[in-house]
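Okay, structure first, notes after.
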Amino acid sequence: MTALNLSAETPEQKKIKAYLQENASDVLAEKINNGIRIQKDGKTLINKKTLNTFMQYANGEARKLAAKGENCACIDDPIVYGWAIHYFEEESIEGKLYNEDGTEYVPPKPVYKPSTPTVPYTPPKPKPEPQLSMFDMLGEQKKEEPAPAEITDQPDNHEHFDEADDEPTEEELAEAMEQTSQTPIPPITKQPSPLYQHYLNIQNKYSDAVIALRVGDFYEVFGENAVKIAKELDMTLTGRDCGLNERVPMIGFPYHAADSYIGKLVGCGYKVAIAEDIKSNDVTVKEPDYCVNEETGEVLPVEEMRRFDGDIEEPKSPVAQEAPAVKDELPDFDAKAFDPEALCILDELLGKIISLR
C-alpha cells in the first residue's frame, strides 16, 4: 500500500489521514501525493490538496448540513470520512495550487482601469445675431414710430387700444385654423367633354332611341344602350374618357358598314337616331317596321299595331254600308223619370249604347 504524503497537525487530521491510508486506492494515493494538472487563468497549474484545505472543505459541507436542519457534524461520523474520499478524488475541487516549477501559485492582481474623467460642462457660446436685412430694418423703424396722439374728442371712460391689440392672438389663430380644417371641402364635380355633352343633348331629345354619333370613321354608341347592344349583337364593349370620374361604356362600328349594323339594330326592334356631325343637330331616325305587343308578346306590323291601338279607323264592311237603317219603333220615354248622373255613368260603363230621346 502506497504511503500518503499528507501532514496531519491536529488529532482530527490524524484520524482523517489514517482513514485515507487504509481506504485509498493506488490511483487516489497518486492524486494525493502528486496532485493533478488543471488549466486556470491561461496557465497549467498543479492542484495539490492537503488536510488543511480538506478541513476548510469539510467546514463548508458541515454548514450545508446545518442549513438543512442538522445540529452538528462529528469527526467520527462516516459522512465526514466520505467527504475526505470525495474531496481528494474529485478533480473539480481545488486544493492548494502550485506552479509547474513547484512554487506556490499566486493569482494575478486585478487590472485597475481608471475611470473616464468627467468633462466639465461648458455652456455653448451665444450665437451671433443675424445681420438685419433692409426689410427687417424697415420693420424695426415701424416699431419705433411713436404711437399716434390720443383723440381729444373721445370720452375719458373709453379704453384705448394699440394696433397690436387688434391683431389676433395665437389661440384665436389656432381656433380659426381648426374651424377651417373641420369645414368639409366640397368635391370637385367634373364636366363632360363637348362630344359627350352633344351626345347627351341628342339622347335627351330622342330618349326612346339608340343614338349613333359619327366620330371620324366610326359610329359610336354610349352608356346603357352600348352595354345592351354589345350583349345582343356580340360586340366588343369598350370605354371612352368623357371628362368624368369614370370611363363611359361605348361600342363602335365603322361607317362603311353602318347600314349592316343599323339594320341589325332596327331588326332587333331598336329605334336608331343617327347623328352625322357633332357640330350639327341634324338627326336621321330609323324605326323598326314591326312592334311587339307588351301584353301578349306577339310581333305585329306597325300598321296593324296602330289599327289595334285605334290610331287608324277600321273600314266598314260592305254589308254594314248597304244595310238600310231600321226604324226604331220603340215608344219614346220620358227621361225625367231617371237620374241624369246615373244615366251618364251607365252610358260610360256600357260603351255609349244608351240614347236618350
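Residues checked against (1) acidic (D, E); (2) outside any loop (DSSP other than H, G, I, E, B); (3) modelled with pLDDT under 90; (4) surrounded by 14 or more Cβ atoms within 10 Å (Cβ to Cβ):
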| position | (1), (2), (3), (4) |
| --- | --- |
| Q203 | no, yes, no, yes |
| Y219 | no, yes, no, yes |
| A230 | no, yes, no, yes |
| D234 | yes, no, yes, no |
| G252 | no, yes, no, yes |
| S280 | no, no, yes, no |
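Among residues of the range 33-47 that are modelled with pLDDT under 85, none has a beta-carbon under 8 Å from a residue that is among the basic types (K, R) at least six positions away or on a different chain. Just so you know, in the range 18-30 the residues that are closer than 18 Å to N52 by Cβ and modelled with pLDDT of 85 or more include one that is surrounded by the most Cβ atoms within 10 Å (Cβ to Cβ), and it is Y19.
Checked against the criteria, G239 counts as in a strand (DSSP E or B), surrounded by fewer than 20 Cβ atoms within 10 Å (Cβ to Cβ) and at negative phi.
Hey, among P187, P192, which residue is assigned to a loop (DSSP other than H, G, I, E, B), farther than 26 Å from H256 by Cα, at pLDDT below 90 and open to solvent by less than 70 Å² (accessible area, probe 1.4 Å)?
Values: P187 fails: open to solvent by less than 70 Å² (accessible area, probe 1.4 Å).
After applying the criteria, what remains is P192.
Return yes when S92 is touching a Leu at 6+ places or on another chain (Cβ under 8 Å) and either exposed (fewer than 12 other Cβ atoms within 10 Å of the Cβ) or modelled with pLDDT under 80 (or both) and no when it is not. Break it down stepwise before answering.
Details: touching a Leu at 6+ places or on another chain (Cβ under 8 Å): no; either exposed (fewer than 12 other Cβ atoms within 10 Å of the Cβ) or modelled with pLDDT under 80 (or both): yes.
Taking the combined requirement at face value, the residue does not satisfy it.
Hey, among I16, I46, which residue is closer than 16 Å to E100 by Cβ and aliphatic (A, V, I, L, M)?
Details: I16 fails: closer than 16 Å to E100 by Cβ.
Answer to the check: I46.
For A66, the conditions (1) surrounded by 13 or more Cβ atoms within 10 Å (Cβ to Cβ); (2) aliphatic (A, V, I, L, M); (3) at pLDDT below 85 are fulfilled apart from (1).
The values are calculated or read from the model by the stated rules, or taken from the named source; none is laboratory data. Note that the coordinates shown come from a computational prediction; the quantities given were computed from them, not determined experimentally. Note that we place each Cβ from the backbone using ideal geometry, even for glycine, and neighbour counts take in every protein chain shown. Ligands, DNA and RNA are excluded from the accessible area calculation, which covers all protein heavy atoms including side chains. Shrake-Rupley method; radii C 1.70, N 1.55, O 1.52, S 1.80 Å.
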